[in-house]
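The values are calculated or read from the model by the stated rules, or taken from the named source; none is laboratory data. Treat the numbers as computed from the prediction; the structure is a model and nothing was measured. Cβ coordinates were reconstructed from backbone atoms using ideal geometry, including for glycine residues, and neighbour counts include every protein chain displayed.
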Amino acid sequence: MAKLYFYYSSMNAGKSTSLLQSAYNYKERGMLPFVLSAAIDDRYSVGKVTSRIGLETEAHLFHKDDNLFNIITKQNDEDSINCVLIDESQFLSREQVKQLGQVVDDLNIPVLCYGIRTDFRGELFPGSHYLLAWADNLIELKTICHCGRKATMVVRMDSDGEIISDGDQVVIGGNDQYQSMCRRHFAEHIWSK
């Protein structure tokens, strides 16, 4: 029986690496994974999922208004899909998370979503909000704060390396703009202001 999975964490926990390992495992067994990534994230390569450790695979891009059920159904009709893997799933809309539930329930294809749980203000991303509510399985991938505690939060930094607490929810960036922290250190920088 297929399920909807949400693998979540703060930044730098290896979400993309885990997705790439899953894709490799399916391919190694002669199965076909269908990999999707948010079109908004163009940090490394367009049309690829890339990890910081150098692994990558081809990916189909999704946009905020795409009907993922229709896209996956069409792809499954052309080539029987064994699994759907979604990188940057925090950028999914409420409707798209519902559509992924349809993929699981109506097409019996497992869907594995990988994404960040909260933004730099400690607020849920829309995709994460609905995946946390509706996924069959929730799996936390862990990383650490500079103090050694488990990092569950993310802070955003300006060009001078100063932590900021205002701005748009989505600003695409990497280690130059974001840092993972434990709740305690996040609170010192964000909640204490």
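Mind checking which residues of region 1-15 are farther than 24 Å from Val104 by Cβ and of a type in the set (Lys, Arg)?
Scanning region 1-15 gives no hits.
Say we look at region 151-193 and pick out the residues that are among the aromatic types (Phe, Trp, Tyr) and either at pLDDT 75 or above or buried (at least 17 other Cβ atoms within 10 Å of the Cβ) (or both); which of these is nearest to Ser37 (Cα to Cα)?
Going through region 151-193, the residues among the aromatic types (Phe, Trp, Tyr) turn out to be 178, 186, 191.
In the following step, the residues that additionally are either at pLDDT 75 or above or buried (at least 17 other Cβ atoms within 10 Å of the Cβ) (or both) were identified as 178, 186.
On the way: Tyr178: 20, Phe186: 28 Å.
Going through the qualifying residues, I end up with Tyr178.
Among strands (runs of 3 or more DSSP E) lying entirely in region 4-78, which contain 1 or more residues that are in contact with a helix residue (DSSP H, G or I) (Cβ under 6 Å, 6 or more places away or on another chain) and at pLDDT below 80?
On the way: elements: 4-9, 33-38, 48-50, 56-58, 60-62.
So the answer is 48-50, 56-58.
If only one of Asn108, Asn82 is more than 15 Å from the chain's Cα centre (by Cα), at pLDDT 95 or above and at positive phi, which one is it?
When all the criteria are applied, what remains is Asn108.
Please enumerate the residues belonging to region 1-44 that are farther than 23 Å from His146 by Cβ, surrounded by 19 or more Cβ atoms within 10 Å (Cβ to Cβ) and among the hydrophobic types (A, V, I, L, M, F, W, C).
Answer for region 1-44, where residues must be farther than 23 Å from His146 by Cβ, surrounded by 19 or more Cβ atoms within 10 Å (Cβ to Cβ) and among the hydrophobic types (A, V, I, L, M, F, W, C): Leu4, Phe6, Leu19, Leu20, Ala23, Phe34, Val35, Leu36, Ala38.
Can you list residue pairs whose Cβ atoms sit under 8 Å apart, with the first residue in region 119-131 being within 20 Å of Gln177 (Cβ to Cβ) and in contact (Cβ under 8 Å) with a residue 60 or more places away in the chain and the second being assigned to a helix (DSSP H, G or I) and polar (S, T, N, Q)? Count only pairs 6 or more apart in sequence or on different chains.
Ser128/Ser89; Ser128/Gln90
Are there any pairs with C-beta distances below 6 angstrom linking a residue in region 78-96 that is buried (at least 24 other Cβ atoms within 10 Å of the Cβ) to a residue that is outside any strand (DSSP E or B) and charged (D, E, K, R), with the two at least 6 apart or on different chains, and if so which?
Going by the 6 Å Cβ cut-off, the qualifying pairs are Glu88/Asp41.
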